[in-house]
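Novice: There's a structure below that I have some questions on.
Read the figures in this text as sums done on the coordinates, not as results from a lab. What you see is a predicted model, and the numbers here were worked out from it, not measured in a lab. Cβ sites come from the backbone with ideal geometry, for glycine too, and all protein chains shown count toward neighbours.
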Amino acid sequence: MKEIFQLPDTLPLFYKSNGSDQVLLEFNGEDVLHIIGVVDVRVVEGTIELWGFTMKADSPPITIYSSGLLGLISISSADGQKAIVVIEKSAHTSKWKTFMNEYIPNFNIFDVIGTRLTPPKLLLELEDQLGCWFDLSKLPMSHQRLITDEQWQGFSDELLDRPINQPIKILLAGFKNSGKSTMMRYLINKCLRKWDKILVLDLDIGQSELFIPRCISAFIIDTPLLGPNFTHLKQPFKSYFFESNDVMTNVPFYYEIVKKIVNDLKALDSHQMPCFINTMGFVEGPGLEILSILISIIKPSDVIQMKFNEKQELNLHSENINEKTKSALSYDLWYFTSIVKNKLAKAPYLPKFDKKLRQELIITSYLSKCLESTDIYFNDVVPYKINIQNIKVQINNIDEVLTQDESLEVINANVIALCISNNINLNECVGFGVVRNINKSTGDIFVITPVAPNLLKYVNQFNLGNINLPYTFYTKGTQISKFVSVKQDNIFNEDVTRHYKVMS
């Protein structure tokens, strides 16, 4: 029999403002609202919860990025008491959304997808006013939802009960797409109720939560994570470039970087903030061996394993890890059943989300940080200039030795990792950029990057990033089929020397 989708009886009260585009919502008891889109949220009265994060009337407004492809965020009263909330169209993200629409073909991550229950006419008018949509059915249809269960809530409550100075290092493990990153966001948001800052160590070189892939990075988080990873990319506290997104290309080098960054973090007063460790979904065969070594290096206080069923038992008990790695670890092991396939979360008509699109969203969102107030297209951004005599260009996996001109040609119009090389095997990465133009006669390299000048001055090596830009970065802004910009004096491979900043 076909499931009949119904409107829930737990919707908040809606109030339309006569003098502004704001919409006021009144939540009582178990009222909940799932939003599709990007909106700003402010609390007028009471307390609300947004994916683990608590907001009160004295909290600053916050933006939520709620996607049906990646999980809708709901608004509800945090304590079941009356809460009054104002939502409005997000003004400060309009330029970001315009840029993403320009450079990601058919960018619809925050639009209605598939089918949904059509709201009453008055609510449709509010949706037009806000530039978002309301997902009103009791169960998901085409839009996946973020939900928790008693396990999640119980563990997060236990975390909040721990002494504020107790060392907390929580490593999340599990199969790919089991919900590790989603749970980590929830726990981080919960912990921000008690701690001002949270430390995140991201060991997933293929799908980082807060940065461009191919790096092992550490971050200090002081704001909630209310959206997919590409909506909250951060400047890392410390990051090292691995180059590949496949750990099996150089496992010993991967271990070396992990040990180095763990040692770097000792300089932080990490006892004053919980630490969450994000790991890869590669946990079978050699992947499980790598995970065991990581646990022995990290020495966590807690290990969480996410699993879909009992067959995905990884046997991460400390006794087993100690035997494998000749360690003497002691930690608490927690098992959580993935909620990805829960009927309250999984949408039966959810479209497939392409892996290539995930990668394009991350690099495009990262490069959107380059935009200044007058920029429309990426190639309008004023580049930095540096001469090849002052920078080392590192291109790996090439058997022959390249000439200077050949090296310049390889990196031209490509993504590069901006690294600090200290004559050791490891390259600290402060960020990424795009080589906008080269001048082979002078050796000048023009780079567009969102990295701040105070960090750029330490960069002494460019590593080929092995990251593909969406084709739109080479075509947007002109009818000429080159690497282009709307400014005719700012075309890739042509003269940009009249407009540049010095990278030093």
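Novice: By how many nm would the segment from VAL340 to ARG193 grow when fully extended, if each residue of separation counts as 0.36 nm and the alpha-carbon distance is taken off? Numbers along the way, then the final one.
Specialist: Values: separation 147, 0.36 × 147 = 52.92 nm, distance 2.54 nm.
Full extension from VAL340 to ARG193 adds 50.4 nm.
Novice: Run through the range 243-347 and list the trypsin sites (Lys or Arg not before Pro) located in a DSSP loop whose Cβ has at most 16 other Cβ atoms within 10 Å.
Specialist: Values: sites: LYS259, LYS260, LYS266, LYS307, LYS311, LYS324, LYS326, LYS341, LYS343, LYS346; in loops: LYS326, LYS341, LYS343, LYS346.
Passing sites in the range 243-347 are LYS326, LYS341, LYS343, LYS346.
Novice: Can you compute log10 of I(q)/I(0) for the chain with the Debye formula, treating each Cα as one identical point scatterer, at q = 0.12, 0.13 Å⁻¹?
Specialist: Debye curve over Cα of the chain, log10 I(q)/I(0) at q = 0.12, 0.13 Å⁻¹: -1.18, -1.33.
Novice: While we're looking at this one, here's another question. Mind putting a number on the dipole of the chain about its Cα centre? Charges go on the C-beta only, +1 for Lys and Arg and -1 for Asp and Glu, and I need it in Debye to the nearest 20.
Specialist: So the dipole magnitude of the chain works out to roughly 280 debye.
Novice: Any idea what the dipole of the range 315-359 comes to, in debye rounded to 20, about its Cα centre with Lys/Arg Cβ at +1 and Asp/Glu Cβ at -1? Display every interim value, and only then the final one.
Specialist: Numbers: 9 positive and 4 negative charges, 105 e Å.
So the dipole magnitude of the range 315-359 works out to roughly 500 debye.
Novice: Now for a different question. On a 31 Å Cα-Cα criterion, which of the cross-link pairs LYS56/LYS307; LYS121/LYS341; LYS56/LYS95; LYS176/LYS326; LYS307/LYS369; LYS16/LYS180 come out too long? List each step's numbers first, then the result.
Specialist: Working: LYS56/LYS307 34 Å; LYS121/LYS341 33 Å; LYS56/LYS95 28 Å; LYS176/LYS326 27 Å; LYS307/LYS369 36 Å; LYS16/LYS180 38 Å.
As for pairs spanning more than 31 Å Cα to Cα, those are LYS56/LYS307; LYS121/LYS341; LYS307/LYS369; LYS16/LYS180.
Novice: Is the range 232-375 rounded, prolate or oblate when judged by the Cα gyration tensor, a ≥ b ≥ c being the square roots of its eigenvalues, rounded requiring a/c under 1.5 and prolate requiring a/b larger than b/c? Don't jump to the answer; show the numbers that get you there.
Specialist: Values: a/c = 1.79, a/b = 1.20, b/c = 1.50.
In terms of gyration-tensor shape, oblate.
Novice: Right, next: Return the lysines within reach of LYS266: Cα separation strictly under 17 angstrom, same-chain partners fewer than 8 residues apart disregarded; answer none if there are no such residues.
Specialist: LYS169, LYS197, LYS238, LYS299
Novice: So if I take the centroid of the Cα atoms in the range 367-429 and the same for the range 119-178, what is the distance between those two points in Å?
Specialist: 39 Å
Novice: For the range 1-98, which GluC sites (Glu not before Pro) are both in a DSSP coil and crowded by at most 12 other Cβ atoms within 10 Å? Before the final figure, lay out each step's value.
Specialist: On the way: sites: GLU3, GLU26, GLU30, GLU45, GLU49, GLU88; in loops: GLU3, GLU30.
Here the GluC sites (Glu not before Pro) that fit, given the DSSP loop and packing criteria, are GLU3, GLU30.
Novice: So if I place +1 on the C-beta of Lys and Arg and -1 on the C-beta of Asp and Glu, and nothing else carries charge, what would the dipole magnitude of the range 1-82 be about its Cα centre? I want it in debye, nearest 20. Write down the numbers at each step before the final one.
Specialist: Details: 5 positive and 11 negative charges, 36 e Å.
It comes to approximately 180 debye.
Novice: I would also like to ask the following. Using modelled amide H (1.01 Å from N, peptide plane; none on Pro or chain starts), what sits under 5 Å from the amide H of LYS238, excluding residues fewer than 5 places away?
Specialist: The answer is ALA218.
Novice: In nm, give the distance between the simple-model label positions of TYR458 and LEU350, each being 7 Å from the Cα along the Cα-to-Cβ direction.
Specialist: 3.9 nm
Novice: Provide Rg over Rh for the range 85-241; use the alpha carbon set for both Rg and the Kirkwood Rh (inverse mean inverse pair distance).
Specialist: Values: Rg = 18.3 Å, Rh = 18.5 Å.
Ratio value, two decimals: 0.99.
Novice: How much length, in nm to one decimal, is gained on full extension between GLN166 and ASN423, taken as 0.36 nm per residue of separation minus their Cα-Cα distance? Spell out each step's value before the answer.
Specialist: Values: separation 257, 0.36 × 257 = 92.52 nm, distance 3.76 nm.
Taking GLN166 through ASN423 to full extension adds about 88.8 nm, to one decimal.
Novice: Right, here's the next one. Place +1 on the Cβ of every Lys and Arg and -1 on the Cβ of every Asp and Glu in the chain, take the dipole about the Cα centre, and give the residue among ASN165, ILE216, VAL430 whose Cα lies farthest towards its positive end.
Specialist: Comparing the listed Cα positions along the dipole, VAL430 ranks first.
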